[in-house]
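The values are calculated or read from the model by the stated rules, or taken from the named source; none is laboratory data. Since this is a predicted model, take the numbers as computed values, not measurements. When we count neighbours, we look across all protein chains shown, and the Cβ atoms used for this are built from the backbone with ideal geometry, even at glycine. Note: areas computed on protein heavy atoms with side chains; ligands, DNA, RNA excluded. Shrake-Rupley method; radii C 1.70, N 1.55, O 1.52, S 1.80 Å.
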Amino acid sequence: MKRSLVRLAIMLPVLALVFGLLAVPILGKVDTVKVGVIYPLTGSAAATGKDYIAAYQLAADIVNNKMDLDFPFARTEGIPALGGAMIEIVPADSQGSPEVGRAEAERLISSVKPTALMGCHHSAVTKTASQAAERFGTVFLCPDSTSPALTERGYEWFFRSGPTDTTFIEDTFDFIEDLKKARGLKVETVAIVSEDTEFGKNISVVEEQMAATRGYRVVEKITFQNNSTNVNSEVLRLKRANPDVILMAAYTSDTILFVRTFKEQKYTPPAVIGQRAGFISPEIFTTLGKDADYLFTTNVWAPDLGEKRPIVKRINELYRAKTGKDLTGDYARAFTGAFILVDAINRAGSVNPEAIRKALLATDYPGSQLIVPWAGVRFDQKTHQNTLGRGIITQAIGGVYRTVWPFDLASQEAVWPVPAWDKR
Amino acid sequence: MKNQWTIVLGAIAVGAVLPYVFPGPFPRHVMIMVLVYAILGTAWNILGGYAGQVSLGHAVYFGIGAYTSTMAFIVWRLNPWVGMVLGAVIAASVAILMGYPTFKLRGFYFAIATIALGEMFRILFVNWEWVGGAVGLEPPIIKGDRLMSMQFHLSKVPYYYILFIMFLCVLALVRVIERSKLGYYFRAVKDSHEAALSSGIDTTQVKLVAVAISAFITSMVGTVYAQYLLYIDPYVVFAGSISVKVCLVAILGGEGRLMGPFFGSVVLVLLSEYSRVLFGGTGRGIDLIIYGWLIVFVAAFQPRGILGLLGLKKQYAPEVMRKHA
């Protein structure tokens with residue numbers, strides 16, 4: 001009798017918890033515009049996810065408060081056309097998993113009732129989360145995922161403000177051609193090195209096609225395993241092929257491993273051009289130190305862009321005050337995406353989804369009001385891909401990335417070919 | 001006896017109305033995931049719980065189910081129900097082929113071999129361009145909700161009922177096995193391999209039957225999951241985390257018991273989903289800490305699983321165990 005009472009005492013709270021949780025109501029106020037942002041807040045990309053949220057919070061702060069900034073929505077409080085309604089950022093954790101990302105999108109849509117969703121860093125998560133938004137007729141603005149397939153689906157409610165991988169690879173080849181013209185550099189052969197998840201695979205396919213159409217010879221094409229522990233044989237193959245430039249797509253740990261192996265094997269490729277990801281993570285400077293010097297990467301943002309445009313510098317200072325770090329391409333894109341959305345809501349003058357969708361389609365945002373170096377934001381009427389996005393090429397010197405292309409934004413000349421390991 | 005049937009019918013009735021008691025896509029998603037892991041755990045239990053072969057590579061069969069039906073859908077326009085059966089047959093065949101060499105290994109060595117198999121399949125699929133490689137596959141979207149295409153865009157309820165009926169069928173199957181000669185063979189192999197051998201049981205064959213049934217069911221869930229998520233890639237369906245969670249569900253609930261995996265799944269899935277919702281937004285991983293801590297708590301205080309914790313051992317344990325208990 002006593003034992004069964006004890007059991008009952010254990011069981012009842014458990015049951016109460018289980019059913020209590022199922023019924024958790026998440027209530028909200030009415031005078032705010034809620035934006036659900038879905039990012040990895042736990043797992044291997046958790047640090048990145050947190051910085052994304054900080055960028056959204058900064059955007060919300062600028063919109064919600066009166067600030068002495070020469071920036072849209074800074075000198076007013078809230079969204080003017082909605083009587084000063086405040087923006088509220090509602091973060092959700094995707095754990096980097098497509099299944100969880102979609103579940104979170106559905107949960108936000110049904111319980112928080114956001115005006116729009118944004119996210120999700122990983123292309124695979126963006127794919128499934130935007131499926132949910134499409135089904136429920138909720139605007140989904142993706143500022144960051146770069147897989148071209150996302151906008152090729154022709155979704156009605158999905159918009160992407162950032163450039164795709166294809167754009168960045170075009171930039172890469174334009175940069176090489178501009179350098180050839182300007183300096184008479186000889187670049188004829190390329191090696192394509194990419195990791196084996198969707199990110200790397202997509203890029204290697206596009207790179208190979210573009211190399212062929214622009215008349216470059218691919219002398220080596222290597223796919224390596226994500227999170228490798230040894231790339232000796234890969235580097236040996238590159239050494240043997242001796243390409244004029246290596247095009248690389250890798251996440252952080254692999255980028256670091258490749259650079260270390262280059263140095264160990266005393267191999268100095270004339271130039272290595274990365275595709276963001278590992279190349280723009282702050283860890284490569286903290287871990288590699290001076291060895292990170294002279295790496296090129298496509299990018300959407302660099303601190304030196306602020307030297308020519310004071311507003312870019314101010315925004316970066318505000319971000320630095322919040323997080324202690326500089327903005328990176330990822331966070332600058334997310335910040336920009338938030339303003340594109342607020343601009344559309346303001347023009348729609350309502351939180352009606354269809355009105356916001358129409359306003360987004362009519363977006364014509366000037367490049368001068370962006371902190372990223374794009375010509376502006378204008379969505380393709382069919383795919384909803386921003387047609388004015390573009391990237392920059394940066395090169396690492398002394399622990400920071402500096403812009404080297406396009407030439408009119410450059411703060412220094414590209415060092416190409418790079419000095420050998422023993423001459424640095 | 002009559003009393004037991006009342007409980008069973010009552011539980012089925014509760015299960016049948018649950019999606020309408022808690023409407024809204026998120027609670028329904030949670031219920032679907034509970035059923036997914038309950039079925040997977042029950043399937044694992046056949047091999048791991050009853051026959052005592054701890055497999056940590058069940059994602060292989062799950063992935064085969066998801067990929068076979070999706071590829072059959074894309075290439076031959078074969079409806080997912082046929083694809084599901086096809087996938088299940090392939091998964092069972094793979095299980096038997098893989099079983100021959102691995103069942104020569106015992107205990108930890110077998111578990112390690114299954115981990116290796118799981119990794120092997122993931123890497124294989126990442127590099128296999130024909131099935132989409134790392135980019136993955138999206139099953140073609142069929143407009144309109146139709147049972148034949150196993151796609152429902154307006155509501156999640158049909159997915160719930162498909163899985164609910166599957167779960168009931170799987171439970172009935174396991175109940176039959178439990179009481180049949182085969183069930184006794186399974187437990188004999190689990191209790192003592194040598195004793196089973198010496199009493200004339202072909203232990204390898206018994207284990208192969210167990211793994212084939214287990215893989216067959218696991219693969220069917222894979223198909224439903226692919227149609228539910230409408231996107232698969234090797235990192236999603238061949239994930240090591242699926243293999244571990246399936247095993248965890250069964251052990252946490254009470255391995256070797258009919259309803260063990262179900263209770264394990266209820267607790268584990270609710271904990272992981274709701275701890276994420278309540279504490280996940282902070283980005284400090286508090287949800288995972290609480291989740292992990294509760295697993296440790298249950299495991300440390302009650303190694304017989306949740307069923308043991310609730311004192312339900314006698315009623316739900318198979319007859320043979322009741323006699324020894």
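Select from the stretch A:144-158 the residues that are out of contact with any Gly (no Cβ under 9 Å at 6 or more places or on another chain) and more than 12 Å from chain B (Cβ to nearest Cβ) and write down the one among them that is modelled with the highest pLDDT. Residue satisfying both the conditions and the ranking: A:PHE158. Annotation: A:ALA302 fulfils all but one of (1) surrounded by 24 or more Cβ atoms within 10 Å (Cβ to Cβ); (2) within 17 Å of A:CYS142 (Cβ to Cβ); the unmet one is (2). Using the structure shown, decide if B:TYR61 is modelled with pLDDT of 95 or more, within 14 Å of the chain's Cα centre (by Cα) and assigned to a helix (DSSP H, G or I). Criteria met by B:TYR61.
Name the one entry in B:VAL34, B:VAL21 that is within 14 Å of chain A (Cβ to nearest Cβ) and more than 20 Å from the chain's Cα centre (by Cα).
Going through B:VAL34, B:VAL21 in turn, the sole match is B:VAL21.
The single condition among (1) in contact with a Leu (Cβ under 6 Å, 6 or more places away or on another chain); (2) away from every other protein chain (no Cβ under 14 Å) that A:PHE73 does not satisfy is (1).
Could you grab me the full set of residues in the stretch B:242-258 that are open to solvent by 40 Å² or more (accessible area, probe 1.4 Å) and at pLDDT 85 or above? The answer is B:VAL244, B:LYS245, B:LEU248, B:ILE251. Counting the residues of the stretch A:351-374 that are over 17 Å from A:ALA74 (Cα atoms) and either acidic (Asp, Glu) or surrounded by 15 or more Cβ atoms within 10 Å (Cβ to Cβ) (or both) gives 13.
Let's see how each residue does on (1) more than 10 Å from chain B (Cβ to nearest Cβ); (2) free of Cβ contacts under 8 Å to residues at least 40 places away in the same chain; (3) in contact with a strand residue (DSSP E or B) (Cβ under 8 Å, 6 or more places away or on another chain); (4) open to solvent by less than 20 Å² (accessible area, probe 1.4 Å):
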{"position": "A:ALA133", "(1), (2), (3), (4)": "yes, yes, yes, yes"}
{"position": "A:PHE136", "(1), (2), (3), (4)": "no, yes, no, no"}
{"position": "A:CYS142", "(1), (2), (3), (4)": "yes, no, yes, yes"}
{"position": "A:ASP171", "(1), (2), (3), (4)": "yes, no, yes, yes"}
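Only residues that are open to solvent by 10 Å² or more (accessible area, probe 1.4 Å), closer than 18 Å to A:GLN385 by Cα and more than 12 Å from every other protein chain (Cβ to nearest Cβ) were counted across the stretch A:100-131, and they come to 1. Filtering the stretch B:201-241 to residues that are open to solvent by 40 Å² or more (accessible area, probe 1.4 Å) and within 10 Å of B:PHE62 (Cβ to Cβ) leaves only B:MET220.
Does the stretch B:190-200 contain any residue that is open to solvent by less than 30 Å² (accessible area, probe 1.4 Å), farther than 25 Å from B:GLY305 by Cβ and touching a helix residue (DSSP H, G or I) at 6+ places or on another chain (Cβ under 8 Å)?
no
It is to be established whether one or more residues within the stretch A:403-414 are over 30 Å from A:LYS113 (Cα atoms), in contact with a Phe, Trp or Tyr (Cβ under 6 Å, 6 or more places away or on another chain) and at pLDDT below 90. Among the residues of the stretch A:403-414, at least one is over 30 Å from A:LYS113 (Cα atoms), in contact with a Phe, Trp or Tyr (Cβ under 6 Å, 6 or more places away or on another chain) and at pLDDT below 90, which makes the answer yes.
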